[in-house]
Amino acid sequence: MSRIGRAPITIPAGVTVKIDENNLVQVKGPKGELSRRISQVLKINIEGNILTVSRPSDDKSHRSLHGLSRTLIHNMVVGVTEGFTKNLEITGVGYRAAIQGKNLSLALGYSHPVVIVPPAGISLEAPSPTSISVHGIDKELVGAVAANIRKWRVPEPYKGKGIKYAGEHIRRKEGKAGGKK
């Protein structure tokens, strides 16, 4: 059995989980509501406040889906109770971020500011001109928005300028080896 897949999910107080006959899992909590269709091969059981996912056989495809499905459901439960955050850092002279209404405006050395409109369920913050926070209840969407912001200026290896995730290590390269031959 998958160690991740067989781990039970504890449903906290204030969170309701509904599963219909097509394995559509709906999770409601204090921060919002999420739903996702899980493979019908897997069996999802709720007993009290414990949710378990089981698979019919040790077939490779069933093993693959087992841990994935359990983790997706767990992320939905954590999302509606605590939410998810991705932090980004901006490095470079003249590179900065500012919030304009709900939108994020980035000055990244282009001839125009880059304006990022967050999708529904995502909020953006710029606590300082060199840091950005992406908040939301859907872990997948939070990561996608953070990756979309980062792709505007991926950190380059020579000076380290660009947008990077907080805590990300950029491998630095040595510059040109100047000298006579």
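If one computes P(r) from the Cα atoms of the chain, what percent of pairs lie at distances over 23 Å? Show your work: numbers first, answer last.
Details: 8945 of 16290 pairs.
Tail of P(r) above 23 Å: 55 percent of Cα pairs.
So what J values fall out for the stretch 157-166 if you push phi through Karplus, 6.51 cos²θ - 1.76 cosθ + 1.60 with θ = phi - 60°, rounded to Hz, Gly and Pro as x?
Coupling constants for the stretch 157-166: x, 8, 10, x, 6, x, 10, 10, 5, 4 Hz.
Any idea what the dipole of the stretch 53-147 comes to, in debye rounded to 20, about its Cα centre with Lys/Arg Cβ at +1 and Asp/Glu Cβ at -1? Could you put the intermediate results ahead of the total?
Values: 8 positive and 7 negative charges, 23 e Å.
Rounded to the nearest 20 debye, it is 100 debye.
Relative to the first principal axis of the alpha-carbon coordinates of the chain, what is the inclination of helix 60-81, with its axis defined by its Cα atoms, in degrees from 0 to 90 and to the nearest 10?
70
Relative to the longest principal axis of the chain, what angle (0 to 90°, nearest 10) does the C-alpha long axis of helix 139-150 take?
10
With unit charges on the beta carbon (Lys/Arg positive, Asp/Glu negative), name the residue among SER105, LEU24, PRO119 whose Cα is farthest towards the positive pole of the charge dipole of the chain.
SER105
Multiply the residue separation of GLU33 and SER57 by 0.36 nm, subtract the distance between their alpha-carbon atoms, and state the gained length in nm to one decimal.
5.5 nm is the gain from fully extending GLU33 to SER57.
Sorted by packing (mean other beta-carbon atoms within 10 Å per residue), highest first, where do 76-84, 51-59 land?
Values: 76-84: 19.4, 51-59: 15.6.
Ranked by mean Cβ neighbours within 10 Å, highest first: 76-84, 51-59.
Between ASN87 and TYR110, what's the calculated FRET efficiency when r is the beta-carbon distance and R0 is 22 Å? Round to 0.05. It would help to have the intermediate numbers written out before the result.
Working: r = 23 Å, r/R0 = 1.05.
My answer for the efficiency is 0.45.
What spacing in nm lies between the two simple spin-label points modelled at ASN22 and THR71, each 7 Å away from Cα in the Cβ direction?
Reported label-point gap for ASN22 and THR71 is 2.6 nm.
For LYS28, give me every one of the aspartates and glutamates with a C-alpha distance below 13 angstrom, ignoring sequence neighbours fewer than eight places off in its own chain.
Once the sequence-local aspartates and glutamates are set aside, what remains near LYS28 is GLU82, ASP138.
With every protein chain left in place, what is the accessible area per residue of the stretch 1-134 in square angstrom, probe 1.4 Å? Could the numbers behind the result be given before it?
Numbers: 7570 Å² over 134 residues.
Per-residue value: 56 Å².
Explain nothing, just the number: dipole magnitude of the chain about its Cα centre with +1 on each Lys and Arg Cβ and -1 on each Asp and Glu Cβ, in debye rounded to the nearest 20. Before the final figure, lay out the partial values.
Working: 28 positive and 14 negative charges, 226 e Å.
Result for the chain is approximately 1080 debye, rounded to the nearest 20.
Please go through the stretch 86-139 and write out the trypsin sites (Lys or Arg not before Pro) that DSSP classes as loop and that have at most 15 other C-beta atoms within 10 Å.
Numbers: sites: LYS86, ARG96, LYS102, LYS139; in loops: LYS102.
Passing sites in the stretch 86-139 are LYS102.
For the chain, give the percent of accessible area contributed by carbon and sulfur heavy atoms, probe 1.4 Å, rounded to a whole number. Mind dumping the intermediate values first?
Details: 5650 of 11100 Å².
Ligands and nucleic acids excluded, carbon and sulfur reach 51 percent.
What chymotrypsin sites (Phe, Trp or Tyr not before Pro) does the stretch 107-181 have in DSSP loop regions with at most 15 other beta carbons within 10 Å?
Listed in order of number, the matching sites are TYR110, TYR158.
The values are calculated or read from the model by the stated rules, or taken from the named source; none is laboratory data. Here the structure is a predicted model, which is why all the values come from computation and not from measurement. Neighbour counts are summed over all protein chains in view; Cβ atoms, including those assigned to glycine, are modelled from backbone coordinates with ideal geometry. For accessibility, only protein heavy atoms count, side chains too; no ligands or nucleic acids. Shrake-Rupley method; radii C 1.70, N 1.55, O 1.52, S 1.80 Å.
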